[in-house]
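This report concerns only the one structure given below.
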Amino acid sequence: MRSRKVTMPRALALSSRMPRVPPARTEILWADTERNADMKLNPLSYFRKEKRDFTRVAQRFGCQIDGSLMMIDRMMGYEGRVINFSAGGAMFRPKLVYLMDRRDIPVALTVGGEEMFGRIMRTTPDGFGIRFDEPLEEEQLLAMLSNDRTRKESDDIEFFVD
């Protein structure tokens with residue numbers, strides 16, 4: 001097969017067969033690229049989850065109250081300390097060096113003679129996050145926080161502030 005030399009009139013004939021974009025459309029395309037030139041494309045953004053807005057229903061109160069946790073499914077108990085309380089749950093730190101990752105286990109938390117039932121929802125290096133089956137009333141929460149030796153009587157606790 002021989003190669004042919006394309007002459008100028010033939011090249012013009014080939015380009016005339018190609019579809020042409022109207023000038024108005026060309027201006028729109030250029031305007032879009034100029035407007036979008038400032039935007040940066042991050043390819044990792046396609047793989048990241050959106051951050052959800054999280055609002056806590058009940059206010060947390062930091063404390064240091066001795067208590068015990070009974071895992072109902074194994075009838076196994078741990079001595080430890082409650083490090084924060086809220087109407088909906090608590091964070092319990094057992095007196096253990098290593099915490100096993102536990103989740104969705106029914107438990108009974110005993111603090112100051114009161115027993116509350118709930119579930120372990122989360123395990124962190126700080127302890128077990130417990131969600132109570134039924135939220136505590138304001139009086140119950142005040143009674144729990146009164147067992148805290150580190151809290152001064154002059155500390156005011158405000159509940160359900162709007």
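With the requirement that a residue be touching a helix residue (DSSP H, G or I) at 6+ places or on another chain (Cβ under 8 Å) and not charged (D, E, K, R), what does the stretch 92-114 give you? Matches in the stretch 92-114: 111, 112. Output yes when any residue across the stretch 21-39 is among the polar types (S, T, N, Q) and either closer than 30 Å to residue 144 by Cβ or at pLDDT 90 or above (or both), and no when none is. Within the stretch 21-39 (the criterion being among the polar types (S, T, N, Q) and either closer than 30 Å to residue 144 by Cβ or at pLDDT 90 or above (or both)), the answer is no, since none of the residues qualifies. Scanning the stretch 91-109 for residues that are farther than 13 Å from residue 124 by Cβ and within 21 Å of the chain's Cα centre (by Cα) turns up 104, 105. Count of the stretch 119-144 residues, restricted to those that are more than 14 Å from residue 60 (Cα to Cα), small (Gly, Ala, Ser) and surrounded by fewer than 19 Cβ atoms within 10 Å (Cβ to Cβ), is 1.
Scanning for something surrounded by 10 or more Cβ atoms within 10 Å (Cβ to Cβ) and either farther than 30 Å from residue 133 by Cα or modelled with pLDDT of 60 or more (or both), does the stretch 1-9 turn up at least one residue? Within the stretch 1-9, one or more residues are surrounded by 10 or more Cβ atoms within 10 Å (Cβ to Cβ) and either farther than 30 Å from residue 133 by Cα or modelled with pLDDT of 60 or more (or both).
Restricting attention to the stretch 79-115, and to residues there that are aromatic (Phe, Trp, Tyr) and surrounded by 11 or more Cβ atoms within 10 Å (Cβ to Cβ), which single residue is nearest to residue 138 (Cα to Cα)? My answer is 85.
The values are calculated or read from the model by the stated rules, or taken from the named source; none is laboratory data. Owing to the predicted nature of the structure, the values given are computational and were not obtained by experimental measurement. Quick reminder, even Gly has a Cβ in these numbers, built from the backbone with ideal geometry, and neighbours come from all protein chains shown.
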